[in-house]
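Values quoted throughout were computed directly from the atomic coordinates according to the rules given, and no laboratory measurement underlies them. All of these numbers come straight from a predicted model, not from anything done at the bench. All Cβ positions, even for glycine, are placed from backbone atoms using ideal geometry, and neighbour counts span all protein chains on display.
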Amino acid sequence: MDRRTFLLNSTSAVAIATLGNSANGDEETAAATSDVTVKRDDEAAAATSAVPTKTGEEATVPPVNLVYTQKNPGKWRSKKGTHIPHFEITGRKIRVNTEHGQSERHFIVRHTLLLEDGTVVGANTFTANDAPISEYNLPAGYKGKIYATSFCNKHDLWVSEENV
């Protein structure tokens with residue numbers, strides 16, 4: 001799998017994992033919001049069986065220690081301060097910043113901004129020479145959760161959420 005495909009798939013996995021954690025597992029609600037069945041790899045996560053997405057395909061939610069958050073930094077607990085994406089919100093303008101140094105051996109590769117339903121607002125891919133800062137415009141009138149991802153080439157995929 002090439003880097004571009006991996007990053008696109010990772011973004012989809014983050015949307016599914018994050019939205020899956022907020023779904024209530026109720027089959028009636030799931031049927032009304034999604035035609036996707038999400039299969040979990042562990043019993044603890046089995047309570048959430050459906051995730052609203054637009055793909056119309058079956059999806060599998062990633063295992064523990066694949067997607068990291070402020071509350072769940074997993075094995076990278078000591079890294080969360082420099083890997084969590086931060087929001088600056090001014091009206092419809094969203095600025096995402098990861099306070100992470102950039103070097104040839106260790107850098108933030110990509111930011112992605114998603115809406116609550118998994119719609120990708122935009123994404124920026126970085127090189128080691130770029131500051132990991134992205135700017136996006138929300139759709140007019142959008143109210144709800146937004147999710148930002150920050151992918152580090154050494155410390156995996158991190159997600160933050162905010163209500164707007």
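The length gained by stretching the chain between residue 137 and residue 89 to full extension, at 0.36 nm per residue less their Cα-Cα distance, is 16.3 nm.
Going by neighbour counts of Cβ atoms within 10 Å, the residues 64, 164, 121, 96 line up, fewest first, as 64, 164, 121, 96. Across the stretch 147-164, rounded Karplus estimates of 3J(HN,Hα) from the backbone phi angles (6.51 cos²θ - 1.76 cosθ + 1.60, θ = phi - 60°) give 10, 10, 10, 9, 10, 9, 5, 10, 10, 6, 9, 10, 9, 10, 10, 8, 8, 10 Hz, Gly and Pro being marked x. In this calculation the C-beta distance from residue 64 to residue 153 is compared with R0 = 30 Å, giving a FRET efficiency of 0.90.
Report, in listed order, any pair from 80/143; 75/143; 71/143; 71/145 with a Cα-Cα distance greater than 25 Å.
Correct reply: 80/143; 75/143.
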